[in-house]
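The values are calculated or read from the model by the stated rules, or taken from the named source; none is laboratory data. It should be emphasised that the depicted structure is a prediction, and the values quoted were computed from it without experimental measurement. Ideal geometry is used to build each Cβ from the backbone, glycine not excepted, and the neighbour counts take in all protein chains shown. Just so you know, the surface numbers come from the protein's heavy atoms only, side chains and all, with ligands and any DNA or RNA stripped out. Shrake-Rupley method; radii C 1.70, N 1.55, O 1.52, S 1.80 Å.
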Amino acid sequence: DFNAPSSQKALYLNKFVQKTPAEHKADVKNAVRAPAVHDTKDLIRSHAGDPHQTYGIGEWRHIHYDVVREPTFPRKPDVANGELASGATVTRTDVWHDPKEPAIVSVAKFSPENYRPVGWAENAPQPITTVPDGVLDFRTNRLPIGHADRRPWIYFLAASTGFIMASLVRTVACKLVHTMWPAKDVWAAGIVEVDLRPVREGQNFVVKWRSKPVFIRRRTPDMIEKAKKDDPLAPSMREPATDAERCKKPEWLIVIGVCTHLGCIPQPDAGNWGGYFCPCHGSHYDHAGRMRQGPAPKNLELPPYQFLDEFTVKLG
């Protein structure tokens, strides 16, 4: 009998009620509870016994949860007399078996939530608040969920939340747009007006536009004639284009002065066609800025421009 398994010798009152949780809840409502007392000597005595095991020389120790010495085939609990059936006493015995129902239904009845100790409904504490009597805790003032008088507050809360979220989205969007918006100096550099009157005939005038050099050449009649003379060869060029497509006015050639190969600055009045020549890798351009020989894949790029009058051009 020393330290016997709980299925053989229980040290507590082994009497339980086996019902569904809903039935236990109904028992609590219908139970006749002990009268309230205000002196500890009037409290009822517990008849459940001491749950601790005596071990060794009789010291009280809390070891009944971790020292389990159940046999391989424990004693079948007497469920009719309220004995607890759990763990090995269920799975290693046939106490769960009921030929009138499926096995899964029978085993489910022995789930722990279906058991309550005898006398639980009458004696178990059921506190509804920790606030002493006479102290206002607003329980009687709180409206139930779904009450019609709660709707104005819900509508106000929803509208306030929506307004705050819309304000946050607007603030983030504005900050993002203002962060990515170009500065005024960038806008100013993006549009440049050039006075063409100082440019001499045949001169290659250089201006800065968007941190790039722009070649403005006032072409001579001989340059114009040579450029138009090669128009029949335009379809065979790497990037086909006629002189009229490259120059809005025959007298003026306006191109970005950056080689389309690797971004070098070409030299004017050089190369095999007398237009521009990039000495870095040997790209040749004619008087219309068209690529004629070398590794450059395209003609010199044309910037967006328009003539405001006879001697004023706006870049950008």
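With a requirement of 2 or more residues that are surrounded by fewer than 11 Cβ atoms within 10 Å (Cβ to Cβ) and of a type in the set (D, E, K, R), the helices (runs of 4 or more DSSP H) lying completely within the stretch 71-183 that satisfy it span 151-180. Among the conditions (1) within 22 Å of Met291 (Cα to Cα); (2) surrounded by 14 or more Cβ atoms within 10 Å (Cβ to Cβ), Val194 misses just one, which is (1).
Does Val199 satisfy the criteria of being surrounded by 11 or more Cβ atoms within 10 Å (Cβ to Cβ), free of Cβ contacts under 8 Å to residues at least 24 places away in the same chain, among the aliphatic types (A, V, I, L, M) and in contact with a Lys or Arg (Cβ under 7 Å, 6 or more places away or on another chain)? Answer is yes for this residue.
Would you say Asp78 is at pLDDT 85 or above and within 13 Å of Phe16 (Cβ to Cβ)? Taking the combined requirement at face value, the residue satisfies it. Of all the numbered requirements in (1) at pLDDT below 90; (2) surrounded by 15 or more Cβ atoms within 10 Å (Cβ to Cβ), Leu253 misses one, and that requirement is (1).
Before we move on, is His24 surrounded by 14 or more Cβ atoms within 10 Å (Cβ to Cβ), of a type outside the set (Gly, Ala, Ser) and either at pLDDT below 80 or more than 56 Å from the chain's Cα centre (by Cα) (or both)?
Working: surrounded by 14 or more Cβ atoms within 10 Å (Cβ to Cβ): yes; of a type outside the set (Gly, Ala, Ser): yes; either at pLDDT below 80 or more than 56 Å from the chain's Cα centre (by Cα) (or both): no.
In short, no.
For the stretch 265-288, name all the residues that are open to solvent by 10 Å² or more (accessible area, probe 1.4 Å) and closer than 21 Å to Leu315 by Cα. Scanning the stretch 265-288 gives Ile265, Pro268, His287. Where strands (runs of 3 or more DSSP E) sit wholly within the stretch 215-310, those with at least 1 residues that are in contact with a Phe, Trp or Tyr (Cβ under 7 Å, 6 or more places away or on another chain) and in contact (Cβ under 8 Å) with a residue 24 or more places away in the chain occupy 252-256, 276-278, 291-293.
Residues in the stretch 202-221 that are modelled with pLDDT of 85 or more, over 15 Å from Phe307 (Cα atoms), open to solvent by 20 Å² or more (accessible area, probe 1.4 Å) and among the charged types (D, E, K, R): Lys208, Lys212.
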